[in-house]
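Asks: Have a look at the structure that comes next, please.
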C-alpha cells in the first residue's frame, strides 16, 4: 500500500510537469518549443546523454545553440525500445551526479526527436539528408566500426558490409545509412555534414572516415571521393564514467519524486577534447569548458592508455574473484596495488603529458574517480567486449614497450587474466555469463589455452606482431600458467613484490 501511494505521487517526466518538479532539481531555463534540430546522434545510450547532450544543454542554458538540438537515432532493437521510452517523456532525461560528498540532479532538454527505427533505415536516411542537419554524431561502441584489428582496414567480408555494398539504398549499418544520406544531399545540392565519432578510440575521427569512405567505395567510388573531399571527421576524446541504469539508479530518481523511465547517473567529472574541423558549422562548445585542440591525439592517448586500460586491469580481475563493481576492486588491497604498479611501471613511461596534466598525476586522478563509492559501475559492463577493448586500450602500449625494450611483465599478466576470465568460470566455481560478441569462440579458446597458453596469442587474431615477440610471448605463457596454478591474487601479489 505504501509503495502504491509513492508510485501515485511520482510526477511523470514531461514538458507539462517540469514546473511541478522539486526546486532542488535543475531544469531547462530555455523554451524548448524554440529549439530546432542541427544534430542527428546515432546510439542514444547513457553515455551520450550524460556527456555530449549535457554539454549542448549547458549552451542552451545560456541562450545559445538553439538551432543545434539533437535528433536521436539508432538501428538496433534496443534503439526502438529506447525511442518509445524517451518519446513518452518528451525526450527529457534526468541526470544524477554522484559526487562522493553527495549528489545533485538536473533535467536536460537538448534532445527534441527520435527517428523511428525500421528495416532499411529509410527514416534515418531521410532525416540525415535534410538541410538542417549539419552534424551526424555517433556512439556505437569501440568494436562497432567494422575495422579488422590486424589490417586496420574495413572488414569487407563482414555480412553487414557486404549487404550495404550490394544494397546501398537499404543499408543495415549506421555507416551505410550515412552514405545513403550523403548521396541524397549531394544530388540535392544540400552539401555535406560533419561525421563525428564520440567513441573511445584512438583517432576515432580517422577510423570513422576509413569506415565510411571504404564502404562507400564498394558501391559508388565517385561518391566516396566526394565524401572524402567534402565531409569532415574530427577526432575527439570523451571522458565521463556513466554506469548502466538498473534498479538502483531508477530508485534514485524516484526519491526525487520523478517518474523517468531512462534516468542516467554519472560521476562528478567530464572532459571533451575536440579537433576543430567541422565542414558545416558547430555549436560554440568552448563556452562550456570543451577543449578545442589541434592535438587531440595526446589527450586521447593519455586517457585511453591510463583510464580505459585501467578499467580492463580491474574488471577482469574483479570478475575472476567475484567482485561486482569497480569501486570494490579499488578497495581490494592486492588489486589496487596491481593497478598502481602496472600503471606506474609499464604504462606511464609511454604516455606524454598534456597541458596542465602529467601522466603520474593523471593516474592519481583516475584512481580517485574509480574509487568513488557512489558510482556502482559494474565489472561486467566494463569488461564487455574485451576483444575490442584490449586491442584498443592495451595493445598499443604493449607495442610501445616492446619497441623501447621496457617492462611488459605486468601487461602480459593483464592479458593472461583476461584469457583466464574468458574461461567462463570464477575461482569460486560460479559461472561468468557470456560477455563478448564472440564469447563462444573466446571461451572455447580459453579452455584450450589453459593447457597450451600460446594458443590464446596465436588463435585470437588480435595480437599480430605482439604474439611473435619472444619476450611478450614467454611472459604471457608464464603468467597464464601461474594464474591457473596459484590463482589470480597470488599471481598479482608476486608481480607487485618482485616484478616477475
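Asks: Going by alpha carbons, how many degrees (0 to 90, nearest 10) lie between the helix axis of 409-422 and the longest principal axis of the chain?
Replies: 70
Asks: What's the extension gain from residue 428 to residue 344 if we count 0.36 nm per residue and subtract their Cα-Cα distance?
Replies: Working: separation 84, 0.36 × 84 = 30.24 nm, distance 3.05 nm.
Additional length available on full extension: 27.2 nm.
Asks: Take the Cα atoms of segment 110-249, build their convex hull, and give its volume per residue in Å³.
Replies: Working: hull volume 19.8 nm³, N = 140.
Cα-based convex hull of segment 110-249, divided per residue, equals 141 Å³.
Asks: Could you state the angle between the C-alpha long axis of helix 395-404 and the longest principal axis of the C-alpha atoms of the chain, as a value from 0 to 90 degrees rounded to the nearest 10?
Replies: 50
Asks: Output the relative contact order of segment 19-97, whole-number percent, from Cα pairs under 8 angstrom with separation of 6+ residues.
Replies: Relative contact order, segment 19-97: 36 percent.
Asks: In addition: For segment 77-182, what number results from the quotient of the Cα radius of gyration and 2.2 N^0.38 Å?
Replies: My calculation over the Cα atoms of segment 77-182 gives 1.35.
Asks: Let me ask another. For segment 49-118 and segment 281-322, what is the centre-to-centre distance using only Cα atoms, to the nearest Å?
Replies: That distance is 21 Å.
Asks: Now for a separate question. At 20 °C and 1.002 mPa s, what whole-number value in µm²/s does Stokes-Einstein give for the translational diffusion of segment 389-431, with Rh from the Kirkwood sum over Cα pairs? Walk me through the intermediate numbers first.
Replies: On the way: Rh = 11.6 Å.
Value of D from the Cα-based Kirkwood radius: 185 µm²/s.
Asks: Quick one: 443, 14, 152, fewest Cβ neighbours within 10 Å first, how do they rank? Each step should come with its number before you reach the end.
Replies: On the way: 443 18, 14 13, 152 9.
The most exposed by this proxy come first: 152, 14, 443.
Asks: Follow-up question, since we're still on this one. Would you kindly calculate the mean projected area, averaged across all directions, of the convex hull enclosing the Cα atoms of the chain, in square nanometres?
Replies: 23.9
Asks: What angle, in degrees between 0 and 90 and rounded to the nearest 10, separates the Cα long axis of helix 488-498 from the longest principal axis of the Cα atoms of the chain?
Replies: Its long axis makes an angle of about 70 degrees.
Asks: I would also like to ask the following. Restricting to the chain, compute how many DSSP beta bridges are antiparallel as a %, nearest 5. Walk me through the numbers on the way to the answer.
Replies: Details: 15 of 40 bridges.
Rounded to the nearest five, the antiparallel share is 40 percent.
Asks: Next question. 222 nm [θ] for the chain, helices only, -39500 (n - 2.57) per DSSP H run of 4+, per residue, to 500?
Replies: Numbers: 24 runs with 233 residues, N = 500.
Helices in the chain give a 222 nm mean residue ellipticity of -13500 deg cm²/dmol.
Asks: Taking every eigenvalue of the Cα gyration tensor of segment 297-498, multiplying by 5 and rooting it, what semi-axes result, largest first, whole Å?
Replies: Numbers: eigenvalues 114, 83, 48 Å².
One finds semi-axes of 24, 20, 15 Å for segment 297-498.
Asks: Turning to a different aspect of this structure: Can you work out D for segment 2-294 in µm² s⁻¹ from Stokes-Einstein, where Rh is the Kirkwood radius over C-alpha pairs, the temperature is 20 °C and the viscosity is 1.002 mPa s? The partial results should precede the final answer.
Replies: On the way: Rh = 19.7 Å.
The diffusion coefficient I find is 109 µm²/s.
Asks: Another question, if that's okay. Expressed as a rounded percentage, what relative contact order does the chain have, with Cα pairs under 8 Å and six or more residues apart? The partial results should precede the final answer.
Replies: Numbers: 888 pairs, mean separation 67.3, N = 500.
Result for the chain is 13 percent.
Asks: Further question: Given an 8 Å cut-off on Cα distances and at least 6 residues of separation, report the relative contact order of segment 376-443 as a percent.
Replies: Working: 32 pairs, mean separation 23.9, N = 68.
Result for segment 376-443 is 35 percent.
Asks: Need one number: % antiparallel among DSSP beta bridges in segment 52-144, to the nearest 5.
Replies: About 70 percent, rounded to the nearest 5.
Asks: By counting other Cβ atoms within 10 Å of each Cβ, how are 231, 329 ranked from fewest to most? Before the final figure, lay out the partial values.
Replies: Numbers: 231 22, 329 27.
So the residues, fewest neighbours to most, are 231, 329.
Asks: Report, to one decimal in Å, the Kirkwood hydrodynamic radius for segment 456-500 based on all distinct Cα pairs. Display every interim value, and only then the final one.
Replies: Values: mean 1/r = 0.0881 Å⁻¹.
Answer for segment 456-500: a Kirkwood hydrodynamic radius of 11.3 Å.
Every read-out reported here was derived from the displayed coordinates using simple, explicitly stated rules and does not represent laboratory data. Everything numeric in this text was worked out from a predicted model, so none of it was measured. Note that we place each Cβ from the backbone using ideal geometry, even for glycine, and neighbour counts take in every protein chain shown.
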